[in-house]
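Working notes, structure below.
Read-outs throughout are calculated quantities, based only on the coordinates presented, and are distinct from any laboratory measurement. Because the structure is a prediction, the values reported are computed rather than measured. Reconstructed Cβ throughout: ideal geometry from the backbone, glycine too, with neighbour counts over all protein chains shown.
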Amino acid sequence: MNIVRIIAIIIFTPLVGGLITGVDRIISARLQGRQGPPLLQPFYDVLKLTEKESIEVNSMHRFFVYVSLVFVVFTTLILLSGGDILLAIFALTLGSVFFVLGGYASNSPYNTIGSERELLQIMSYEPMVLLTCIGLYYAEHSFFIRDIVSAEKPSILYLPGVFIGLVFVLTFKLRKSPFDLSMSHHGHQEIVKGITTEYSGKDLAVIEVTHWYEVIISLTLVYVFFATAAPISHVFAVIACLVVYLFEIIVDNGSARVKWQQALKSAWVVTAIMGTVNLLILSYF
Amino acid sequence: MDGIKKSPWILHYDGTSCNGCDIEVLACLTPLYDVERFGMINTGNPKHADVFLITGSVNEQNIPVVKQLYEQMPDPKVVIAVGICATSGGIFAECYNVAGGVDKVIPVDVYVPGCAARPESIIDGVVKGLEILGEKKKKAGKKQ
Amino acid sequence: MVAITVFLLFPMVAALAIFLVKHDAARSMLVRISAVITALLTLVVVGIFFKDGIRMACPWEEEIDLIIVAVEVIIAAYIITLGIRNKKYVISILSFLQTAAILVFEFGFKEGITVQTAIVFDKLTAIMALVIGLVGSLICIYAVGYMKDYHNHHKEYKERKSFFFSILFLFLSAMFGIVLSNNLVWMYFCWEITTLCSFLLIGYTQTEEAKNNSLRALLINLGGGVAFAAAIIFIGMYYHTLELSVLTQKNPDAVIMIPVFLLSIAALTKSAQLPFSSWLLGAMVAPTPTSALLHSATMVKAGVYLIIRLAPLLGPTSVGRVVTFGGGVTFLACSLMAISQSDGKKILAYSTLANLGLIVICASAGTQESLWAAILLIIFHAVSKSLLFISVGSAEHQIGNRNVENMDLLMGVSSKLAFYMMIGIAGMFLAPFGMLVSKWVAMKALIDSDNVIIVIILAYGSAATLFYWAKWMGKLVSKVNMGHKNHHELSLDEELPITILAVLVVISCFTFPLVSRYALEPYLTEVYKSTALIPIETSDIKLMLCMLSMLILLPISFIPIYKNDKRRKVPIYMAGENTGDNQTFYGAMGVKQKVEMRNWYMEDFFGAHKLTFLSNALCTAILVVGVILLIGGLA
């Protein structure tokens, strides 16, 4: 992997992620009968945040946000350069844990509750994400994305259950209702802005950009289910990503935030049913 | 480019308001007015906000609160007083516990009169506030 | 030969010497010196024998056997009277049974069975010896500082430090014996010594609780001892051998499964797997060095060590599957139960159980890759967990208790300690650190050996693991720069081992590819007679090391940014009612209210009282199924 490619991934991923977020905001507005912001609104927001003053409550908490960004970028690099999917997930988890620690470090009530909820969310989606990697390994006998996407048949044929489970838990990762407990993209939340409450200016901009990367990471996981050696399949894979994202937007607008008990239970039960049954069947054939 | 003019995030604080103006502020978010067209978001968090939108007068109880929220907002920031109570105290001005308009406590940049202020005028006020926000940013840039 | 004898006997001699010295300062010095010598001896012995290993017979075998029998009888007599005195007759019966069986076997049936190689020192032994020798001696040094503080804090307990230290060293000696001996009778003897030592250490404070818990530990481990004795007798009478290496080279047919099952039971009790786990949880009443020694580097590792030795006979056999499932249930249940704990040592205890479960899974899955993961897990777990145990012990003395809820104070009281504790925690679950490397390989190996259900269990368990460690870490960072005033200094005896262990955690993560190349691959090649390769791709290892370097370099690279970026500090958002000190807010009627933030424990989901019975029942059922399969296999 050469330097040019690394730089291209680092630059273009957030651009695409930001655009998707912009589309997301427009579609959400239309679903609510509004016109919505311009397409480039997420970029305006981030631009504004970088221009603003950055205040802080102590000198530690921003450190974690930057480290989190570094590891999320690292994850994106591994994924998009065809690396080991399991390693990528571990790196992503590391990034998420740093994000959570940042919330704790600010020692604010709202941030702390947000952090705890974020941890709960990680615990809820982690089994399914791991099972996704395991399922892909079962289907294609490799953890490497470059092998998975150059298989003869798309993995979705072997792993329909795992795919459904993954789409279910992506709601956590994309911070969409009903599972946006730790921080929401919508105006108000019962815990103010959750885990991001105490961040401002550049730090908040970094959090936004991190989220753009995470959007792409999530959609990459969807992508690998459809891509094969045939070039046309990549078109289908992109369409599948868009459909999944549209589905998540509709769910986001159509449902209320659930309590943490329901979030944990439903995620683990769906994982148990969809992921486990799929894997068991796969292992017997 | 002036990012700040394209994405004003609002902190809405309700002082000694009768809730009339608050209803109108929230009405701005509805499909009919849809302020998100201008990138406005009601954040409810001073640390994320650029525009401090206050309805109702300030009283002895909430003076420190208003001051603290103002302090917690990152620069540059503007304060918009919405409704006649926020601009001058309105009919409550003579009450024993009311300090008066918001400008008694923190500097106000835009006054939006009305009882209650109409959504159109609130939006107008915010847009005016954005101009001031842009100027403040330029000034801050020159100082540095 | 001489080196190994000195290596084995030195801790024993040290134990005796320490027991006899009553002067406090002199004894402390003696403990420190002995610990350093033990560590050096370990390095020397490993240095000498690492390359080629050694397999040898012992010249005075008869004599040693006689001494062993004599000591066993004395121990049995002690335990039997103990059982009677405390009205725990089961203990007496178990002890009597196993000793009588061993005596009858020794004098009645042992004729004609010759042990060719009584001592085997291969790569696995080297790793175990290093873990025990280095981590163990560090804990002994730590104990010097800890026990001083301990008796300052707990005036109510009788001071029996010389007894305590000498038992620690005796323990190390016994552990060396277990990993070195190939003769099952000797191994059994050392096994029993560790049982006795753990009993004595757990009961150190002589409170009612300590006594009960120590007796429970004794009872359960004696049960394991009975299984071990039965296995020895079966192997001796049926196969006319007493060598572990001979046993493991046999074909895994139905008959050999009987002693393998019995040995596995012994190993499971020692490693405190469900349903035998209650002794380890009870052992937390002991002073912290005991917990650190018993639960990180030594006692519990003896069990998994035995399972690793037996691995070629486990794998896809019925007993192998049963042990794997037992380990799986333990891993999952204990990971979940750890969430509901707030006592630091309890969390460590549950996580120890869970990690041992993981090691048992890997070892009993029996493929090359899974064994690779198991051995690495032992190393990583030993260093990280002992670091955590001793830093929790010190934290308890610094902040007055060991509740995780109060550990937010630690950063202010002793930031160094908090930092080391965070390294330990990171070592337990975060990505570029060791435990996760092994977990990763374990997943791969388990999929390859078609253990789907276990892999799924692993996925759930890992998620729970992440939750309880991350919330602990969160507490540690949650009160940074809050301007604390009281600073405590750690004594050098405590600080030095903690620092060294923290460094070891990081080093072990950097060097695991080397460990793999020079120790694990040769060992696995030898055991499985086919070339073993490192189960992680080279590109991945590079990425991992890259991540690790990033973790170390990032804080350093932030220093200039912090220096040049002075920011306005504002109070925490509390809806405008922050009083300005970030700790309180104005409540109703202008009264100052304190903000208190607690972590989540989710008792309703993961409460120990709920899960304990369920998981114990499940594990017992699994073992019963194992017995049925065993009988079915014979018939």
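For the reader, a short list of remarks on this structure follows.
- Across the range A:1-44, the residues whose backbone nitrogen lies under 14 Å from the label position 7 Å along the beta-carbon direction of A:R146 are A:1-3, A:5-6.
- Normalised convex hull volume, the range C:478-635, alpha-carbon set, Å³ per residue: 314 Å³
- Ranked list, fewest to most other Cβ atoms within 10 Å of each Cβ, for A:S155, C:S415: C:S415, A:S155
- Cβ-Cβ distance of A:L40 and C:K211, R₀ of 56 Å, FRET efficiency by 1/(1 + (r/R0)^6): the value works out to about 0.20.
- Unsatisfied cross-links (Cα-Cα over 18 Å) in the set A:K202/C:K569; C:K211/C:K610; B:K6/B:K104; A:K193/C:K563: C:K211/C:K610; B:K6/B:K104; A:K193/C:K563
- Rough spin-label spacing in nm, given labels placed 7 Å along Cα→Cβ, for C:D604 and C:L43: 5.6 nm
- Translational D in µm²/s for the range C:1-313 (Stokes-Einstein at 20 °C, 1.002 mPa s, Kirkwood Rh from C-alpha pairs): 109 µm²/s
- In order along the range C:87-94, the phi-based Karplus estimate (6.51 cos²θ - 1.76 cosθ + 1.60, θ = phi - 60°) of 3J(HN,Hα) comes to 6, 10, 5, 4, 4, 4, 5, 4 Hz; Gly and Pro are listed as x.
- Proximal lysines relative to C:K594, as straight alpha-carbon distance under 20 Å, when same-chain residues fewer than 8 apart are discounted: C:K475, C:K479, C:K485
- Once the Kirkwood radius over Cα pairs is known for chain C, the Stokes-Einstein relation at 4 °C and 1.567 mPa s delivers a diffusion coefficient of 51 µm²/s.
- Residue-averaged [θ]222 nm for chain C, counting only DSSP H segments that reach four residues, each worth -39500 (n - 2.57): -24000 deg cm²/dmol
- Across the range C:408-565, Cα-Cα pairs more than 22 Å apart make up 57 percent of the total.
- The rule of thumb for compact globular proteins, 2.2 N^0.38 Å, goes into the C-alpha radius of gyration of the protein assembly as shown 1.04 times.
- Dipole size of the protein assembly as shown about its Cα centre, with +1 on Lys/Arg Cβ and -1 on Asp/Glu Cβ: approximately 980 debye, rounded to the nearest 20.
- Angle in degrees between helix A:201-223 and the longest Cα principal axis of chain A, rounded to the nearest 10: 10 degrees
- Volume in Å³ per residue [convex hull over Cα atoms, computed for chain B]: 94 Å³
- Sites C:D448 and A:V238, calculated FRET efficiency, Cβ-Cβ separation with R0 35 Å, nearest 0.05: 0.60
- Label point of A:N253 set 7 angstrom out along Cα-Cβ; within the range B:1-31, amide nitrogens under 13 Å from it belong to B:31.
- Euclidean distance between Cα centres, the range C:109-152 to the range C:620-635, Å: 34 Å
- Which of A:I164, A:I78 has the fewest Cβ neighbours within 10 Å, and the rest in rising order: A:I164, A:I78
- 3J(HN,Hα) along the range C:142-147: 4, 4, 4, x, 5, 5 Hz, from the Karplus curve 6.51 cos²θ - 1.76 cosθ + 1.60 with θ = phi - 60°, whole Hz, x for Gly and Pro.
- Phi-derived couplings, Karplus 6.51 cos²θ - 1.76 cosθ + 1.60 at θ = phi - 60°, listed residue by residue for the range B:83-99: x, 5, 5, 6, 6, 9, x, x, 6, 8, 3, 8, 4, 5, 9, 9, 7 Hz, with x used for Gly and Pro.
- Cross-link partners of C:K22 among lysines (Cα-Cα below 18 Å; sequence separation of 8 or more within a chain): C:K148, C:K158, C:K161
- Computed extension length for C:Y89-C:N251: 54.3 nm, one decimal, from 0.36 nm per residue of separation with the Cα-Cα distance subtracted.
- Counted over the range A:2-284 with a bin width of 10 Å, the fraction of Cα pairs per bin, in whole percents, is 7, 28, 37, 22, 6, 0.
- Computed Rg/Rh of the range C:273-415, alpha carbon atoms with Kirkwood Rh: 1.03
- Shielding by partners for peptide A:124-134, expressed as the average number of C-beta atoms from other protein chains within 10 Å of each residue's C-beta, is 5.
- Euclidean distance of C-alpha centroids, the range C:333-388 and the range C:512-562, integer Å: 20 Å
- Relative to one another, the C-alpha centroids of the range C:457-480 and the range C:234-266 are positioned 41 Å apart.
- Estimated 222 nm signal from helices in chain B, with DSSP H stretches of n ≥ 4 weighted -39500 (n - 2.57), rounded to 500: -10500 deg cm²/dmol
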